[in-house]
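Read through the structure below, which is laid out as structure tokens, and then see the notes.
The values are calculated or read from the model by the stated rules, or taken from the named source; none is laboratory data. Keep in mind it's a predicted model, so treat the numbers as computed, not measured. All Cβ positions, glycine included, derive from the backbone under ideal geometry; neighbour counts span all protein chains shown. All accessible areas refer to the heavy atoms of the entire protein, side chains included, with ligands and DNA or RNA removed. Shrake-Rupley method; radii C 1.70, N 1.55, O 1.52, S 1.80 Å.
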Amino acid sequence: MLFKALSGLAIPAVVFALEGANGPDQALTFRCDGSFQISILDDLHYGEAPSSVGPIRDALTTNTVAKLLDYEPETDFVVINGDIISRDNVFFHNTTEYIDQAVQPLADRGLTWATLHGNHDPGYNRSVEDMFAREKRFPNSRTRSMVPDPQRVGVTNYYLPVFAADCPTGCGCTPELLLWFFDSRSGFEYQRLDGEGKRIDRPNWVDHDVVDWFLAENERITAKFNKTIPSVSFVHIPFDAFRAIQVGPGLDPSRNPGLNDMNVTAQAQHYCPDGVRNGTCAYGGQDIPFMRAVTSTPGMLGLFTAHIHGASWCYKWTAGSLPDYPVQPEGDGLNICFGQRTGYGGAGDFERGARQLLLRQDKLAKGELDTWIRLESGEAVGAVSLNETFGRDMYPASPNRKTFCEACLEWGS
Ligand SMILES: *[C@@H]1O[C@H](CO)[C@@H](O)[C@H](O)[C@H]1NC(C)=O
Ligand SMILES: *[C@@H]1O[C@H](CO)[C@@H](O)[C@H](O)[C@H]1NC(C)=O
Ligand SMILES: *[C@@H]1O[C@H](CO)[C@@H](O)[C@H](O)[C@H]1NC(C)=O
Ligand SMILES: *[C@@H]1O[C@H](CO)[C@@H](O)[C@H](O)[C@H]1NC(C)=O
Ligand SMILES: *[C@@H]1O[C@H](CO)[C@@H](O)[C@H](O)[C@H]1NC(C)=O
Ligand SMILES: *[C@@H]1O[C@H](CO)[C@@H](O)[C@H](O)[C@H]1NC(C)=O
């Protein structure tokens, strides 16, 4: 009994220090020093052009992910923020198998991860539920699906708790941090055509049932632990405020370092307010409930998005940033950030990289976290503290460079 009690206290700490925490059979935990680092990969776009240049690009993407993870050896957890597989992959019989390639460098390193689906993942020939099932063959996947009717609201709506280092089982402990994942859908309905034989668009915003689920679940968790638990959230398609900030106050390269070289297309774009999409409406406002929810949630420190390959800035959205906008953030506002596009599929040649989040228990209590972008060259750029003075603090501007698939050139692409 004494031996058991002692080993329960002392030995696991040593084992974790040697082998790293956060294995597939454990809860997600902070390190003993109170830190937790997330590497965000986005827009991998595997499986594009499978008969020509695709396999070369896919191998390059896998190699890039491996390099980025090696440059960030303190990574505790990986988020793959959507567009894992290209929508225009023509093969029906093996379309979900590209998942295996996407997660291989993570599995090889014993890392666990969570994914979100992007607008390229749901295709006429690819069911997001099949994609989820394929991913769940890997024990290191922590992706969940928590909201009913996933074919309609999206599969990847869920949250994950992160616990202190001394709570490796997660049992009986209050989480130190919550990671929320929201599915912004888009893409096409699986194996359904309209009356004219055309593929059917899925709505491109976080469904209102998901927003209601988030609000109720967050309230339940807050009441259960009698505590506001710090949280961050992830979604593939930016909501409309990203677009409005880009055209409105704009981004200052020294206060908001990062790429700002592509116009933001956002949730609810091209829809009319009544949900009709007929080419006459610019924006339908269907993402307003989602924006209201995340900007009024106490403890929500940041929202991290992807999708725009030429944007990688962060901005502190506060009440008054967008004076006439229908949503005004409460409290200290919300930090909103793009990631850095990681894959070699998809449009544009902006230098590939991966946004990093460093969360520390002591800083979270003050509502702060640090973030930077690791580029495939090995360089770290755009490092900022998302703290009280973020938005006023000056930082070095980020470079805007291009990288190419040299081996693809012989294909003329
Ligand atoms: C769906 O898959 C079938 C069979 O592989 C193929 O003929 C068709 O072009 C694909 N359709 C789309 C929209 O990708
Ligand atoms: C899918 O099948 C095609 C044709 O059979 C093949 O060229 C491609 O490599 C396969 N993709 C995967 C991920 O296995
Ligand atoms: C909840 O926490 C507050 C202080 O944060 C405390 O005053 C109150 O007694 C707690 N309620 C319960 C039911 O534990
Ligand atoms: C963004 O849109 C504006 C207005 O339509 C256009 O003038 C500009 O060239 C676009 N910028 C980029 C980077 O596409
Ligand atoms: C497009 O849809 C909107 C909203 O339902 C409607 O007001 C408008 O008349 C439609 N326009 C066309 C050209 O169908
Ligand atoms: C926020 O972080 C920046 C960069 O580390 C630092 O210069 C600044 O003093 C910090 N602000 C506060 C209020 O701590």
task: Arrange the peptides 276-286, 68-78, 176-186 so that the one whose residues have, on average, the most other Cβ atoms within 10 Å appears first.
output: 176-186, 68-78, 276-286
Among N387, S86, G47 the positive-end extreme of the charge dipole of the stretch 2-410 (Cβ point charges): N387
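What does the accessible area per residue of the chain come to in Å², with a 1.4 Å probe and no ligands, DNA or RNA counted?
That works out to 41 Å² for each residue.
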statement: Of the DSSP H helices in the chain, the ones reaching 15 Å or more along their long axis in Cα terms and averaging at least 1.0 in Kyte-Doolittle hydropathy are 2-19
query: Ignoring ligands, DNA and RNA, what percent of the 1.4 Å accessible area of the chain is carbon and sulfur?
result: 53
- line: If every Lys and Arg gets +1 and every Asp and Glu gets -1 at its Cβ, then about the Cα centre the stretch 285-368 yields a dipole, in debye to the nearest 20, of 240
task: Note the per residue figure in Å³ for the convex hull of the C-alpha positions in the stretch 30-153.
output: 105
- prompt: Ratio of the chain's C-alpha Rg to 2.2 N^0.38 Å, to two decimals?
  reply: 0.96
Charge dipole (debye, nearest 20) of the stretch 2-410; +1 at Cβ of Lys and Arg, -1 at Cβ of Asp and Glu: 380
message: As I understand it, the dipole of the chain uses +1 on the Cβ of Lys and Arg and -1 on the Cβ of Asp and Glu, about the Cα centre. Which of Q246, P329, Q191 lies farthest toward its positive end?
response: P329
task: Averaging sequence separations of C-alpha pairs under 8 Å and six or more residues apart, then dividing by the length of the chain, give the relative contact order as a whole percent.
output: 18
message: I'd like to compare 32-43, 104-115, 322-333: which one has the highest average count of other Cβ atoms within 10 Å, and what's the full order after that?
response: 32-43, 104-115, 322-333
message: Taking 24 Å as the cut-off for C-alpha to C-alpha distance, list the pairs among K67/K366; K316/K402; K224/K316; K316/K363 that go past it.
response: K67/K366; K316/K402; K224/K316
